[in-house]
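Worksheet: the structure to be examined is printed underneath.
Taken together, the values in this text are just the output of simple stated rules run on the coordinates, not laboratory data. Every value quoted in this text rests on a predicted model; they were computed, and no experiment measured them. Here the Cβ is made from the backbone with ideal geometry for all residues, glycine too, and neighbour counts use every protein chain on show.
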Amino acid sequence: MGIKRVLLPNRVQTNKYAMKVPGYKDMTLTSIGSLETELDDNEMPDRTRVTGGRQKAVEFDISVPAHHRIDILQCESWLTECTEPVTPTHKKVATILFFHEQLRDIPGLKYFLEGVKIQKRATPEGELDNDGEMAVVTYTLTADEVTFLP
């Protein structure tokens, strides 16, 4: 017979999140991709694998509503910084927060990202058969390192 477990109240919700970049206004994002942290590893002479201890770069997507002009302008300005000639400030820091169900102002999960830059932009697709869904611009970001903040 299995052991019954009880989920604690006040769960962290996946639809209550924010990404904060110092120097930028808080952006409205319709989605944010997961941050898959992976460590590099090394193969030993006996063919066992050991961790190299360093994080590989993380890649994730954010989607911004196309009608949120200020948010789009911020992302486009950042993308311009990452384009030739690259500015020294093109890599930024960011914090990603996921909030509790009840305690809306207290983050349940916090991640600090270093070396964040915009890698790619995807414009909305146009389609006449569409029922008028909201257009979003998707940006692919990369981060050199992700740190969990307790």
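Taken one residue at a time, the phi angles of the stretch 134-150 give Karplus couplings (6.51, -1.76, 1.60, θ = phi - 60°) of 5, 7, 10, 9, 9, 10, 9, 10, 10, 9, 6, 8, 10, 10, 6, 9, x Hz. Gly and Pro are set to x. Cα gyration tensor of the stretch 24-72, axes a ≥ b ≥ c as square roots of the eigenvalues: rounded (a/c below 1.5), prolate (a/b > b/c) or oblate? It comes out prolate by the Cα gyration axes.
Rounded to the nearest 20 debye, the dipole magnitude of the chain is 740 debye, with +1 charges on Lys and Arg beta carbons, -1 on Asp and Glu beta carbons, and the Cα centre as origin. Largest GNM mean-square fluctuation among Met134, Met27, Met19, using the chain with Cα springs under 10 Å: Met134.
Summarising the label geometry, the points placed 7 Å from Cα in the beta-carbon direction at Leu7 and Lys20 lie 2.8 nm from one another.
For a test of the definition: using alpha carbon positions, the gyration tensor, and the 1.5 limit on a/c, classify the stretch 1-121 as rounded, prolate or oblate. Note, shape of the stretch 1-121 comes out oblate.
Stretching Glu114 away from Glu36 to a fully extended chain increases their span by 26.6 nm, per 0.36 nm per residue minus the current alpha-carbon distance. Provide the net charge surrounding Ser34, with neighbours chosen by a C-beta distance below 11 Å and charges set as Lys +1, Arg +1, Asp -1, Glu -1. With Lys, Arg at +1 and Asp, Glu at -1, the neighbours total -3. Sequentially through the stretch 32-44, phi angles give Karplus couplings (6.51, -1.76, 1.60; θ = phi - 60°) of 9, x, 6, 9, 8, 7, 10, 9, 6, 9, 10, 8, 7 Hz, Gly and Pro residues having no value and appearing as x.
Each Cα pair under 8 Å and six or more residues apart adds its sequence gap; the mean of these over the residue count of the chain is a relative contact order of 27 percent. Given axes a ≥ b ≥ c from the Cα gyration tensor, I'd like to know whether the stretch 53-150 is rounded (a/c under 1.5), prolate (a/b larger than b/c) or oblate. Oblate, because a/c is 1.5 or more while a/b does not exceed b/c. Please give me the summed charge of the neighbours of Val136: other residues whose Cβ is under 12 Å from its Cβ, Lys and Arg +1, Asp and Glu -1. Summing Lys and Arg as +1 and Asp and Glu as -1 gives -3. With contacts taken as Cα pairs under 8 Å and at least 6 residues apart, the stretch 29-73 reaches a relative contact order of 44 percent. In the chain, what is the count of Lys pairs whose alpha carbons are under 18 Å apart, counting only pairs at least 8 residues apart or on separate chains? So the count of such lysine pairs works out to 17. Across the stretch 1-78, C-alpha contacts under 8 Å between residues 6 or more apart give a mean separation that, scaled by the residue count, equals a relative contact order of 27 percent. Within the stretch 57-113, the trypsin sites (Lys or Arg not before Pro) that combine a DSSP coil assignment with at most 16 other C-beta atoms in a 10 angstrom radius are Lys91, Arg104.
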